[in-house]
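Report on the structure given below.
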Amino acid sequence: MTTLKMKTAEAYDATDPIVFLGQGDLDFLGQAINLSARRRSRICTHRSVQELLHEMFVIYSNQTYVRANKHIGKDESIFVIRGEADFLFFDDDGKLLEVVCMGDVASGKAYYCRVPEGVYHTIIMRSPETILFEGTPGPFNPAETVYADWAPPESDPIAIAAYIGSLNEQIRSWKGRQGLIGLEKINDLVLTATDQVVTFSQTENDYLQDELRTRKLDRLRICAHKSGDDRLHEMLMAFSNSTYVRPSLHVDKEESLYFLDGFGTYVFFDQQGNQTDAVPLGPLGSGRSFYCRVPANTYHSLIVESDSILVKETTSGPFRRSDTVFASWSPDGSDPVAARNYVDSIRTKLQG
């Protein structure tokens with residue numbers, strides 16, 4: 001379990017140099033919710049409100065009310081780890097535009113939803129307790145969130161009950177999207193989601209893994225962000241066991257991996273190439289950590305241990321090639337034998 005510092009009954013900060021979460025951290029949230037009068041609590045994995053990538057693991061009860069709001073100049077994302085919820089989108093006048101029925105990865109429903117900037121939205125929890133993984137770009141600026149004047153404030157429970165009741169009536173007749181999301185090919189290894197509201201479910205997971213296998217690729221990704229200029233970059237990525245991820249660091253930027261399938265290890269190095277830490281990773285329930293956040297300016301590499309892995313990767317934008325610095329002491333990948341020998345040497349150290 002990661003080391004936590006309590007800020008309030010509803011917020012805890014992860015304080016380890018390398019933050020990684022496992023089952024014990026979700027169990028902690030299940031206990032922490034009982035200390036909150038509003039029946040919600042969170043673990044923040046970013047260090048401060050000034051960081052460029054804000055990520056939170058949040059637990060809500062089914063009594064939670066989230067007033068409809070929109071974000072100016074930034075997207076955000078919701079990932080359901082446990083439970084079920086309906087994510088709702090509205091026009092500026094409060095008319096319901098879209099409903100995304102969400103559940104965990106095994107539910108068959110969308111487990112991930114990206115919220116476009118400037119679009120009013122809310123979420124209705126459908127389970128006694130729901131745990132979400134939320135991502136948004138920083139720094140935190142309260143002026144970037146605008147609450148809808150047509151949605152009741154949290155202080156009016158009678159109006160809230162009537163409002164949620166009205167929404168539930170509309171949701172009952174809603175028909176969700178079926179099949180694979182729209183995709184645009186950027187190159188042989190990169191696809192971009194074209195839907196305005198991007199969702200991931202088992203359908204997208206299967207598509208990536210099937211393409212990886214049938215095309216004999218070492219990696220393939222679907223980008224949820226629309227362009228390199230977006231402030232929040234998120235990708236659903238599949239890697240094969242033959243993948244060589246050259247050690248690199250990101251200048252003043254953090255990134256994270258959330259494991260959906262397969263097993264791997266994040267390995268960390270000092271400036272001279274000596275291994276300093278390693279975090280075994282796997283899907284929730286595997287006994288390993290399912291999430292790891294990489295500190296800025298830290299050399300790291302990913303070692304794929306199973307035939308393939310499926311992960312959600314997140315980092316802050318905009319994209320600049322100069323933000324990634326590859327380690328001069330590692331093979332550049334042009335010689336497959338040298339790259340394989342280097343990875344094998346790392347595996348040997350991990351096993352020893």
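Some notes on this structure:
- Condition broken by Ile181, with the remaining ones in (1) more than 17 Å from the chain's Cα centre (by Cα); (2) surrounded by fewer than 20 Cβ atoms within 10 Å (Cβ to Cβ); (3) closer than 16 Å to Ala110 by Cβ; (4) not charged (D, E, K, R) satisfied: (2)
- The condition (being assigned to a loop (DSSP other than H, G, I, E, B) and not small (Gly, Ala, Ser)) is satisfied by just one residue among Asp195, Asp206: Asp195.
- Where strands (runs of 3 or more DSSP E) fall wholly inside region 262-352, the ranges with 1 or more residues that are exposed (fewer than 15 other Cβ atoms within 10 Å of the Cβ) are 275-281, 324-326.
Per-residue answers, yes or no, for (1) within 20 Å of the chain's Cα centre (by Cα); (2) assigned by TED's automatic domain parsing to the domain that holds Asp13; (3) of a type in the set (Gly, Ala, Ser); (4) assigned to a strand (DSSP E or B):
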{"position": "Arg42", "(1), (2), (3), (4)": "yes, yes, no, yes"}
{"position": "His46", "(1), (2), (3), (4)": "yes, yes, no, no"}
{"position": "His54", "(1), (2), (3), (4)": "yes, yes, no, yes"}
{"position": "Phe57", "(1), (2), (3), (4)": "yes, yes, no, yes"}
{"position": "Tyr60", "(1), (2), (3), (4)": "yes, yes, no, yes"}
{"position": "Tyr65", "(1), (2), (3), (4)": "no, yes, no, no"}
{"position": "Val80", "(1), (2), (3), (4)": "yes, yes, no, yes"}
{"position": "Leu88", "(1), (2), (3), (4)": "yes, yes, no, yes"}
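Each row is one residue, and each column tells you yes or no for (1) under 24 Å from Phe200 (Cβ atoms); (2) loosely packed, with under 15 Cβ neighbours inside 10 Å.
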site	(1), (2)
Lys7	no, yes
Glu10	no, no
Gly30	no, yes
Ala68	yes, no
Ala85	yes, no
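Here is a yes/no grid of residues against (1) within 13 Å of Cys113 (Cα to Cα); (2) in contact (Cβ under 8 Å) with a residue 40 or more places away in the chain; (3) basic (Lys, Arg); (4) outside the structural domain of Val100 (by TED's automatic domain parsing):
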{"position": "Phe200", "(1), (2), (3), (4)": "yes, yes, no, yes"}
{"position": "Asp210", "(1), (2), (3), (4)": "no, no, no, yes"}
{"position": "Thr214", "(1), (2), (3), (4)": "no, no, no, yes"}
{"position": "Cys223", "(1), (2), (3), (4)": "yes, no, no, yes"}
{"position": "Leu236", "(1), (2), (3), (4)": "yes, yes, no, yes"}
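- Selection count, region 124-143, where residues are buried (at least 18 other Cβ atoms within 10 Å of the Cβ), in contact (Cβ under 8 Å) with a residue 60 or more places away in the chain and of a type outside the set (Phe, Trp, Tyr): 8
- Among the residues of region 88-109, those that are surrounded by 21 or more Cβ atoms within 10 Å (Cβ to Cβ) and touching a Cys at 6+ places or on another chain (Cβ under 7 Å) comprise Val100, Met102.
- Residues that are in a strand (DSSP E or B) and among the acidic types (Asp, Glu), drawn from region 236-261: Glu255, Asp261
- For region 107-164, the candidate set comprises residues that are polar (S, T, N, Q) and farther than 23 Å from Leu21 by Cα; within that set, the residue that is modelled with the highest pLDDT is Thr122.
The values are calculated or read from the model by the stated rules, or taken from the named source; none is laboratory data. Owing to the predicted nature of the structure, the values given are computational and were not obtained by experimental measurement. Note that each Cβ is placed from the backbone with ideal geometry, even for glycine, and that neighbours are counted across all protein chains shown.
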